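S.K.: Let me begin by handing over the structure; questions about it come next.
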Amino acid sequence: VESSVQADMERLQEDFPGFRDRYRLIKRIGEGTFSTVFKAEDIHYDRYDNSWDHEDDLSKWTPPPLKGRSSRSRSPRKRARFVAIKKIYVTSSPARILNELELLHDLRQCPSVCPLITAFRHTDQVVAILPYFRHGDFRAYFREMTIPDIAIYLRSLFTALKSVHEHKILHRDIKPTNFLYDPTTQHGVLVDFGLAEREGTDSKPCLCHEARETRKHRQAGSVWAQTSMNTQPGYPKSDTRPSRRANRAGTRGFRAPEVLFKCTEQTTAIDVWSAGVILLTILSKRFPFFNSADDVEAMIEIATIFGSKRMKAAGLLHGCVFETTIPTIGQQGFTMEKIILWSTCRAEDKPLTPDEKLAIRFLERCMELDPSRRISAQEALDHEFLNMGMS
Ligand code: ADP
Ligand code: MG
């Protein structure tokens, strides 16, 4: 493994003319489906007069004030001593790479969003340079988080989401590895806009955006049955109607119900659902909480919690009929309180505290099956739970 990392680093340094004069590669810090990320030191860092002298702590960094063009151009270019170099795989389409860089550029002023410093291209190879942000491994710290810790973590995540959503951008891949959080400083930054998109990108009308009355009418007529599972448990009923295309980009276990139901007019609410799954993971002390191999299994998992009745109603919003004969899916489902008590093996004599109940109430607002009723990032920041201990 070591030698392959070495080889990777060699190649990066050789591919980009002048790379060695600018950056000193330190180590590989991430390897995903779409990129490899390295930690490096910006060699010329000392030459710049800058106020960003805080080693790895991005939280101390504030973007230059946006007071109109002239003041922006005069403000000194801030630099990070340590950078994350994201080498985007050449198998990613140029359009996709451009999309990620463009969105990051649009979001450069957003609090809690990791800013893009610069990007380079050499032939078909693109690297993005981001300030390095020291962070913990979610799996190592999430079980130890107290309720106030969780509120602070989510406040930081929802601060990022609020500004991303204000820019009418869907992140689409909210999950712990894309939210770099340092439990010691209690600051976090959102990264990885590789799947992000602007709201309304190639969207076709979906029933969920129509008035309740129109929807009822249409539901009675033509319906989609792709999610029916009444022939064999776990398998979709054969359906000869043309299948509907919808963006399904994201990560297993974090996909919102409307993504699974192939809603063609997805909104920023999908990110709030995924943030809710993170909260559910922390409260239940189980990672991954959802562990499905495919979308049908993912629906079964969600339906087990929410019950077939609510799941059916959720599907109908998008013109999907949800049917199931799986015996573990009840009509009514379970309350989140029950789910959390069970998954943490809490004894009857250790009831939930008022703070825990507050966290669960917030969770229920994030994991609202109907995206139009789900809490928005802005509303979340105003919620009592995220304001715990702030007064
Ligand atoms: P991918 O598209 O391959 O998932 P990401 O942008 O999510 O790429 O980066 C992959 C990993 O690299 C992250 O999960 C994180 O561990 C690390 N990483 C990315 N950006 C930074 C950064 N600015 N500072 C520190 N680590 C980072
Ligand atoms: Mg990622």
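S.K.: With just the Cα atoms defining each centre, how far is the stretch 250-294 from the stretch 302-327? Give it in Å.
M.R.: Here the answer is 16 Å between Cα centres.
S.K.: Another question, then. Would you kindly give the portion of the calculated P(r) for the stretch 280-347 that falls above 20 Å, as a percent of all Cα pairs?
M.R.: Across the stretch 280-347, Cα pairs with separations above 20 Å total 33 percent.
S.K.: Another one. Using the Karplus curve 6.51 cos²θ - 1.76 cosθ + 1.60 with θ = phi - 60°, what ³J(HN,Hα) values do you get for each residue of the stretch 246-256, in whole Hz, with x for Gly and Pro?
M.R.: 8, 5, 10, 3, x, 10, 3, x, 10, 6, 5
S.K.: In nm, to one decimal, how far is the V90 label point from the T123 one, both placed 7 Å along Cα→Cβ?
M.R.: So the label points at V90 and T123 sit 0.5 nm apart.
S.K.: Would you mind working out the magnitude of the charge dipole of the stretch 131-227 relative to its Cα centre, with +1 at each Lys and Arg C-beta and -1 at each Asp and Glu C-beta, to the nearest 20 Debye? Mind dumping the intermediate values first?
M.R.: Working: 14 positive and 12 negative charges, 75 e Å.
The dipole magnitude comes to about 360 debye.
S.K.: Ok, one more. Calculated FRET efficiency, I326 and E41, Cβ-Cβ r, R0 51 Å, to nearest 0.05?
M.R.: 0.40
S.K.: Using the Cβ atoms and a cut-off under 12 Å, what net charge is assigned to the surroundings of R218, where Lys and Arg are +1 and Asp and Glu are -1?
M.R.: Within the 12 Å Cβ shell, the charges total +1.
S.K.: Ok, one more. Which loop-located GluC sites (Glu not before Pro) does the stretch 76-166 contain, where loop means any DSSP state but H, G, I, E or B and the Cβ has at most 11 other Cβ atoms within 10 Å?
M.R.: none
S.K.: Enter the per residue convex hull volume of the stretch 270-312, computed from alpha-carbon coordinates, in Å³ rounded to the nearest integer.
M.R.: 81 Å³
S.K.: Something else: For a footprinting-style exposure proxy, rank H171, H187 by other Cβ within 10 Å, fewest first.
M.R.: Ranking H171, H187 by Cβ neighbours within 10 Å, fewest first, gives H187, H171.
Coordinate-derived values only; no laboratory data. All values reported here derive from a predicted model rather than from experimental measurement. Don't worry about glycine lacking a Cβ; one is built from the backbone with ideal geometry, like all the others, and counts go over all protein chains shown.
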